[in-house]
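The values are calculated or read from the model by the stated rules, or taken from the named source; none is laboratory data. Just so you know, these numbers come straight off a predicted model, no measurement behind them. Cβ placement follows ideal geometry from the backbone for every residue including glycine, while neighbour counts extend to all protein chains displayed. Ligands, DNA and RNA are excluded from the accessible area calculation, which covers all protein heavy atoms including side chains. Shrake-Rupley method; radii C 1.70, N 1.55, O 1.52, S 1.80 Å.
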Amino acid sequence: MLLDEPTLNIFFAIFLFAFGACIGSFLNVVAHRLPRDKSLIRPRSHCPSCSAPVPALGLIPVFGWFLVRMRCQNCGVKVSWVYPAVELLCAVGTVFLFFNTLSPAQFVGTLWPEAALGSQLGAMRFQPLIAVLTHLFLFYTAVPLTLIDLEHRILPDVITLGGTPIALFLGGANVHLGWQGAVVGAAVGSGVLFFVAKTYEIIRGREGLGFGDVKYMALIGAVVGWQGVLLVLGLASVLGSVVGIFLGLRKQAGLQTALPFGPFLAAAALVVSLWQPLILNFFFGDV
Ligand SMILES: [Zn+2]
């Protein structure tokens, strides 16, 4: 190895933080423009109030917002703190999801087995890499879906349906799941939620769950498998109920103003993807 391990870790952490912040910056654009049917590439970022282009300093992820002192330099309108918060979340999340799954030394060993000591060879070699890509994929789809669902109450097909083939690929490449496991997971995920949504609609006479949620569950099921996707549904329902009751009590808004379900599915999917073996062990003992 050219570098000792602590130095390698620091390099990786800085790179992943910067990479995650840039992804976050792009996901902000996705969350803002996708529901408005605008191009993701052109024009460059501009002030929503006066349309002045954001200066180069302001485009720097996370820090740009502080550098322009939280305001548009042209008209002085306040820039929402949500943008830097999303970038920071993506930066920290990327570092966490990577280091939680594998060490930089393992990563180097996966790509260049000759370069590292004690690297695994054979079919299992790429498994940690697949796991990290799966976590990041779930995270990077969860962020714009959550932002869009909170603001517009939709989960765009471009992300849910568009992401499902990638999810099937990642699930298929996971030896614990395989191609069949990924397909069954997608079918169970969307099937169960479709059944719940239809039943609710028939009993209550109005739509309680959007079909965006049904499509999103196919994406989630493909990477966590059928047991995982049932856990996701259970966990998301519990989270949704707790938050719903909390908001209902606080605002007296009543639960009729249905909460969007997407953000809870997103959070639950990440938790299950990261800790599924632990959760299954907790409920069902050693399996
Ligand atoms: Zn402006």
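With the simple model of a label 7 Å out from the Cα in the direction of the Cβ, Phe26 to Val77 spans 2.7 nm. Legend note: in the chain, cysteines whose Cβ sits 4.7 Å or more from every other cysteine Cβ are Cys22, Cys90.
Once the cut-off is 19 Å, how many percent of the Cα-Cα pairs in the range 1-67 end up in the long-distance tail? Percentage above 19 Å: 47. Using only side-chain charges placed at the Cβ, +1 for Lys and Arg and -1 for Asp and Glu, the dipole size of the chain relative to its Cα centre rounds to 1060 debye. Across the range 43-109, Cα-Cα pairs more than 13 Å apart make up 67 percent of the total. Note on the range 30-155: percent of Cα-Cα distances in each 10 Å bin, starting at 0 and stopping at the bin with the largest distance, equals 11, 30, 27, 18, 11, 2. Look at the dipole of the chain built from charges on Cβ: of Gly221, Phe96, Gln73, the Cα furthest out on the positive end belongs to Gln73. Computed from the alpha carbon positions, the gyration tensor of the range 137-223 leads to an equivalent ellipsoid with semi-axes of 24, 17, 7 Å, biggest first.
Spin-label model, Ile14/Asp157: points 7 Å from Cα along the beta carbon direction are separated by 4.6 nm. Counting only residues at least eight positions apart within a chain, or on another chain, the aspartates and glutamates with an alpha carbon under 19 Å from that of Lys198 are Glu207, Asp213. Couplings 3J(HN,Hα) for the range 268-276, derived from phi with the Karplus relation 6.51 cos²θ - 1.76 cosθ + 1.60 (θ = phi - 60°), are 5, 4, 5, 4, 5, 4, 7, 10, 3 Hz, where x marks Gly and Pro.
Quick one: plug the Kirkwood hydrodynamic radius of the chain (C-alpha pairs) into Stokes-Einstein at 37 °C, 0.692 mPa s, and report D in µm²/s.
Estimated via Stokes-Einstein, D reaches 158 µm²/s.
Under 5 Å between amide hydrogens, built in the peptide plane, is the criterion, and for His46 it picks out Val54 among residues at least 5 positions away or on other chains. Per-residue Karplus couplings for the range 184-192, computed as 6.51 cos²θ - 1.76 cosθ + 1.60 with θ equal to phi - 60°, are listed in order as 4, x, 4, 5, 5, x, 6, x, 5 Hz, Gly and Pro entered as x. For the chain, adding -39500 (n - 2.57) for each run of n ≥ 4 DSSP H residues and dividing by the number of residues yields -23500 deg cm²/dmol at 222 nm. Positive end of the dipole of the range 126-287 (Cβ unit charges, origin at the Cα centre): among Val232, Leu145, Ile203, the Cα lying farthest that way belongs to Ile203.
So for the range 126-287, what are the equivalent ellipsoid semi-axes in whole Å, largest first, each being the square root of 5 times an eigenvalue of the Cα gyration tensor?
Working: eigenvalues 142, 58, 46 Å².
Computed over the range 126-287, the values are 27, 17, 15 Å.
Here's the list of aspartates and glutamates a cross-link from Lys215 could span, going by alpha-carbon distance under 15 Å and ignoring same-chain residues fewer than 8 apart: Asp149, Asp157.
Estimated from the Cβ-Cβ distance and a Förster radius of 25 angstrom, the FRET efficiency linking Phe126 and Arg33 is about 0.15. Between Leu102 and Phe246, the contour length at 0.36 nm per residue exceeds the alpha carbon distance by 48.1 nm.
Per residue, the solvent-accessible area of the range 1-121 (1.4 Å probe, heavy atoms of protein chains only, all protein chains present) comes to 62 Å².
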